[in-house]
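Step one of this worksheet: look at the structure below.
The values are calculated or read from the model by the stated rules, or taken from the named source; none is laboratory data. None of these values were measured; they are calculated from a predicted model. Note that we place each Cβ from the backbone using ideal geometry, even for glycine, and neighbour counts take in every protein chain shown.
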Amino acid sequence: MSAVNDTTKFTHAVFILTGIPGQVDARLWISVAFCLIYIISIIGNSVILFMIKTDPSLHEPMYIFLSMLAMTDLGLSISTIPTILGFFLFNSREISVNACFSQLFFIHSFSFIESSVLLVMAVDRFVAICSPLRYTSLLTLPRITKMGLGCMLRGIAVSFPFPFLLKRFQYCRSNVLSHCYCLHQDVMKMACSDITVNHVYGLFLTVATVGLDSLLIFLSYLMILKTVLSVASRAESLRALNTCVSHLCAVLLFYTPDIGLSLLHRFGNSSSHLLQILLGYIYLLVPPLMNPIVYSVKSKHLRARIIRVFVK
């Protein structure tokens with residue numbers, strides 16, 4: 001009985017990170033790919049921020065919201081990729097419990113912030129197309145600032161309980177994580193206590209944030225489509241919808257793997273473990289990588305400004 005009690009009270013001092021199953025021989029090439037993703041993500045989002053800050057013609061609501069998205073993507077990359085690179089480049093397999101809890105707090109915070117930013121960007125497109133005459137009066141700089149602060153505070157507030165919900169557990173089961181980074185839904189499965197509260201809170205947050213945001217974005221685009229098809233000519237319809245393409249790409253890049261990963265973690269016990277891992281990498285690495293590229297390609301004004309600066 002005493003041996004059982006001692007085992008039950010044992011708490012791991014570190015968690016063990018894992019890479020991609022069956023890809024040990026390709027570790028060097030995988031690390032090169034992750035390095036390129038990290039470099040392109042940092043440079044791409046930094047260039048977006050620099051262009052918007054230095055060019056007064058880009059000080060419009062749409063580009064201010066884009067700068068919020070770029071800052072969020074930078075935070076998500078910095079919170080995640082260094083741990084991944086440490087694993088693949090230097091075989092750094094251990095992460096302390098406190099460092100793990102800190103990392104998952106920042107990853108989830110920036111993820112929820114990004115969801116909120118994508119929602120306010122949808123509001124921006126809705127107002128621009130459905131109420132163009134009131135666009136500048138509705139989306140003033142003070143109002144945009146409040147919306148940005150609201151996105152940030154919301155992401156921090158809903159993620160703040162995660163470390164404390166996990167700290168109350170004893171971790172007497174396996175201390176091997178499923179990824180090269182820490183996520184709440186991954187860590188809580190290793191607790192030897194009842195995780196019902198964590199499970200319910202995580203599911204509630206997914207529905208109340210990502211689920212609600214994606215629903216509101218979908219409804220906003222239904223209204224946009226209705227407005228465009230009812231009041232504009234074909235050429236004007238295409239022109240108006242073309243301004244939404246970049247945002248739609250960002251929405252799909254973020255929500256598709258995010259919702260898929262949440263469903264797999266909670267209900268996909270029989271799903272492929274490799275699929276969960278790959279979807280996790282896509283969810284965290286692809287949006288910060290692709291968003292600057294998509295917006296630079298689709299925004300004529302921003303693309304022209306970037307080309308002009310680099311040519312000079």
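For the range 187-198, which positions are in contact with a helix residue (DSSP H, G or I) (Cβ under 7 Å, 6 or more places away or on another chain) and not aliphatic (A, V, I, L, M)?
If the condition is that a residue be in contact with a helix residue (DSSP H, G or I) (Cβ under 7 Å, 6 or more places away or on another chain) and not aliphatic (A, V, I, L, M), then CYS192, ASN198 are the ones that fit.
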Fill in the blank from the handout: LEU222 meets each of (1) surrounded by 15 or more Cβ atoms within 10 Å (Cβ to Cβ); (2) more than 24 Å from GLY150 (Cα to Cα) with one exception, condition (1)
Fill in the blank from the handout: Considering the range 1-35, residues that are modelled with pLDDT of 80 or more and hydroxyl-bearing (Ser, Thr, Tyr), and then whichever is surrounded by the most Cβ atoms within 10 Å (Cβ to Cβ), we arrive at SER31
Problem - Members of the range 68-121 found to be surrounded by fewer than 21 Cβ atoms within 10 Å (Cβ to Cβ), closer than 28 Å to VAL207 by Cα and among the hydroxyl-bearing types (Ser, Thr, Tyr), listed by number - result: SER102
Completion exercise
Of the residues in the range 19-75, those that are in contact with an Asp or Glu (Cβ under 8 Å, 6 or more places away or on another chain) and of a type in the set (Ser, Thr, Tyr) number 2
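This table checks each residue for (1) at pLDDT 80 or above; (2) over 30 Å from LYS189 (Cα atoms); (3) not small (Gly, Ala, Ser).
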position: LEU264; (1), (2), (3): no, no, yes
position: HIS273; (1), (2), (3): no, no, yes
position: LEU278; (1), (2), (3): yes, no, yes
position: LEU285; (1), (2), (3): yes, no, yes
position: PRO288; (1), (2), (3): yes, no, yes
position: TYR295; (1), (2), (3): yes, yes, yes
position: ARG308; (1), (2), (3): no, yes, yes
position: LYS312; (1), (2), (3): no, yes, yes
Exercise for the section: From the list CYS172, CYS151, CYS192, CYS180, pick out the single residue that is crowded, with 20+ Cβ neighbours inside 10 Å, of a type in the set (A, V, I, L, M, F, W, C) and modelled with pLDDT under 90. Expected result: CYS180
